[in-house]
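Enquirer: I have a structure here, written as structure tokens, and I will follow up with some questions on it.
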Amino acid sequence: MVLNDLGKKINDALQKLNKDYNFDESQIKKALKEIQLALLQSDVNVNYVKQLSDNILQKFKMEEGQMINKKKVIQQSVVQELTKMLDSKKQPFQLKRGKPNVIMFVGLQGAGKTTTCAKYANYWKKKGWRTSLICADTFRAGSFNQLYQLAMKIRVPFYGNITETDPVAIAVEGVKILQKQNSEIIIIDTSGRHMQESELFDEMKQIYSAVCPNECIFVMDGSNGQACFNQAQAFKKAVEVGSVILTKLDGHSKGGGALSAVAATESPVIFLGTGEHIDDLESFKAESFVRRLLG
Ligand code: GDP
């Protein structure tokens, strides 16, 4: 099942309830089963799914007598519970003014990592922070130029070394130089990788250990299907992922992958990528995201 079907499946289950205004506990249980199945098929953690369903049922039982519009109450509970699921209970990293905040970006190749590094630099630059970019991707041909061009476009300092083959050396040197230039947000773009390539995961760990970033942001294509949970978990296992940015939420995707990303990384989603342009970055609000997910 494609994750984007999640919203539709949940809505379908709720629609069935709508047909019968006076539904009872057995009908709500039936609807909850369908919702559970949709979430499980979307690789959402089984404990979260059970909890969501238990909470909604409990609310129904407690308030049934006073419910004027049962359908609405159930719909609202689903929104509330999904919003809760998106709350990782962990505060995202708080940038510190006047300090060199080193932010490392990781993610699979093609997720939108390089683009997102530049969007992130631009977002904070517009808010008055001194931001800069480092290309520590020596794996993908063209990544140096891509990030360089983006840095020129948004007018932020850039560090890269086209002749150096060791990404760890580039990252370390780049941080050193940009620190000296009083950059407040130093963003490191690392090489994208495919899930099967363990040596590339090792490279990411080496950069992480050498640079000790203040924050590690996992960039994930929000339109990825079932793979979301495993991907996010693999990155979380390799490095200390602190927060998540979901990209490509401008297409058909409604972004059910966010639920999996939060569950797998136990980290908050902080931004959404909503297009290919430099300004297409939205800060993440759980409740409006869930409303969008449910259409
Ligand atoms: P990387 O391999 O992870 O560094 O990915 P890139 O940053 O090179 O992006 C891969 C492709 O995805 C490029 O064509 C980007 O323009 C595109 N892309 C990145 N973010 C978004 C987004 O939020 N929406 C859309 N539609 N495309 C995006």
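Enquirer: I'd like the residue in the range 134-150 that is within 26 Å of residue 184 (Cβ to Cβ) and hydrophobic (A, V, I, L, M, F, W, C) and, out of all such residues, is most open to solvent (accessible area, probe 1.4 Å).
Expert: It comes out as 144.
Enquirer: Which residue out of 222, 257 is touching a Phe, Trp or Tyr at 6+ places or on another chain (Cβ under 9 Å) and at pLDDT below 85? Walk me through how you get there before you give the answer.
Expert: Working: 222 fails: touching a Phe, Trp or Tyr at 6+ places or on another chain (Cβ under 9 Å).
None of the other options fit; the residue is 257.
Enquirer: From the list 66, 94, 36, 109, exactly one residue is under 24 Å from residue 239 (Cα atoms) and free of Cβ contacts under 8 Å to residues at least 24 places away in the same chain. Which is it? Quick ask: steps written out before the conclusion?
Expert: Values: 66 fails: under 24 Å from residue 239 (Cα atoms); 36 fails: under 24 Å from residue 239 (Cα atoms); 109 fails: free of Cβ contacts under 8 Å to residues at least 24 places away in the same chain.
None of the other options fit; the residue is 94.
Enquirer: So which residues in the range 97-120 are away from the ligand (no atom under 13 Å from the Cβ) and either among the polar types (S, T, N, Q) or not in a loop (DSSP other than H, G, I, E, B) (or both)? Before the answer, list the steps.
Expert: Within the range 97-120, the first condition is being away from the ligand (no atom under 13 Å from the Cβ), and the residues that meet it are 97-104.
Passing the criteria: 101, 102, 103, 104.
Enquirer: Further question: Has the range 93-108 got at least one residue that is over 16 Å from residue 213 (Cα atoms) and buried (at least 19 other Cβ atoms within 10 Å of the Cβ)?
Expert: Taking every residue of the range 93-108 in turn, at least one turns out to be over 16 Å from residue 213 (Cα atoms) and buried (at least 19 other Cβ atoms within 10 Å of the Cβ).
Enquirer: Hey, another quick one. Does residue 250 fit the bill of being open to solvent by 60 Å² or more (accessible area, probe 1.4 Å), within 14 Å of the ligand (Cβ to nearest atom) and at negative phi? Walk me through how you get there before you give the answer.
Expert: Details: open to solvent by 60 Å² or more (accessible area, probe 1.4 Å): yes; within 14 Å of the ligand (Cβ to nearest atom): yes; at negative phi: yes.
So residue 250 fits the description; yes.
This table checks each residue for (1) closer than 30 Å to residue 188 by Cα; (2) more than 17 Å from the chain's Cα centre (by Cα); (3) surrounded by 13 or more Cβ atoms within 10 Å (Cβ to Cβ).
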position: 52; (1), (2), (3): no, yes, yes
position: 64; (1), (2), (3): no, yes, yes
position: 113; (1), (2), (3): yes, no, yes
position: 116; (1), (2), (3): yes, no, yes
position: 122; (1), (2), (3): yes, yes, yes
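Enquirer: Quick one: would you say residue 202 is away from the ligand (no atom under 12 Å from the Cβ), free of Cβ contacts under 8 Å to residues at least 40 places away in the same chain and open to solvent by 10 Å² or more (accessible area, probe 1.4 Å)?
Expert: Against the criterion (away from the ligand (no atom under 12 Å from the Cβ), free of Cβ contacts under 8 Å to residues at least 40 places away in the same chain and open to solvent by 10 Å² or more (accessible area, probe 1.4 Å)), residue 202 qualifies.
Enquirer: Looking at 216, 228, which one is open to solvent by less than 10 Å² (accessible area, probe 1.4 Å), within 16 Å of the ligand (Cβ to nearest atom), in contact with a Phe, Trp or Tyr (Cβ under 9 Å, 6 or more places away or on another chain) and within 23 Å of residue 245 (Cα to Cα)? Step through it out loud before you land on a result.
Expert: Values: 228 fails: in contact with a Phe, Trp or Tyr (Cβ under 9 Å, 6 or more places away or on another chain).
Exactly one of 216, 228 is open to solvent by less than 10 Å² (accessible area, probe 1.4 Å), within 16 Å of the ligand (Cβ to nearest atom), in contact with a Phe, Trp or Tyr (Cβ under 9 Å, 6 or more places away or on another chain) and within 23 Å of residue 245 (Cα to Cα), namely 216.
Enquirer: Within the range 121-137, how many residues turn out to be assigned to a loop (DSSP other than H, G, I, E, B) and either within 16 Å of the ligand (Cβ to nearest atom) or in contact with a Pro (Cβ under 9 Å, 6 or more places away or on another chain) (or both)? Before the answer, list the steps.
Expert: Pass one, the range 121-137, residues assigned to a loop (DSSP other than H, G, I, E, B): 127-130, 137.
Subset that is either within 16 Å of the ligand (Cβ to nearest atom) or in contact with a Pro (Cβ under 9 Å, 6 or more places away or on another chain) (or both): 130, 137.
So the answer is 2.
Enquirer: Somewhere in the range 278-292, is a residue among the β-branched types (Val, Ile, Thr), within 15 Å of the ligand (Cβ to nearest atom) and buried (at least 23 other Cβ atoms within 10 Å of the Cβ)? Quick ask: steps written out before the conclusion?
Expert: In the first step, residues of the range 278-292 are kept if they are among the β-branched types (Val, Ile, Thr); the result is 278, 290.
Restricting the remaining residues to those that are within 15 Å of the ligand (Cβ to nearest atom) gives 278.
Subsequent filtering for residues that are buried (at least 23 other Cβ atoms within 10 Å of the Cβ) retains none.
The answer is no, given that none of the residues of the range 278-292 is among the β-branched types (Val, Ile, Thr), within 15 Å of the ligand (Cβ to nearest atom) and buried (at least 23 other Cβ atoms within 10 Å of the Cβ).
Enquirer: Return yes or no: is residue 236 surrounded by fewer than 18 Cβ atoms within 10 Å (Cβ to Cβ), out of contact with any strand residue (DSSP E or B) (no Cβ under 7 Å at 6 or more places or on another chain) and without any contact (Cβ under 8 Å) to a residue 40 or more places away in the chain? Write out each step before concluding.
Expert: Working: surrounded by fewer than 18 Cβ atoms within 10 Å (Cβ to Cβ): no; out of contact with any strand residue (DSSP E or B) (no Cβ under 7 Å at 6 or more places or on another chain): yes; without any contact (Cβ under 8 Å) to a residue 40 or more places away in the chain: yes.
No; evaluated as a whole, the condition is false for this residue.
The values are calculated or read from the model by the stated rules, or taken from the named source; none is laboratory data. Predicted model, so just to flag it, every value in this text is computed and none were measured. Virtual Cβ from ideal backbone geometry, glycine too; neighbours counted across all protein chains shown. To get the accessible areas, we keep the full protein, side chains included, count just its heavy atoms, and leave off ligands, DNA and RNA. Shrake-Rupley method; radii C 1.70, N 1.55, O 1.52, S 1.80 Å.
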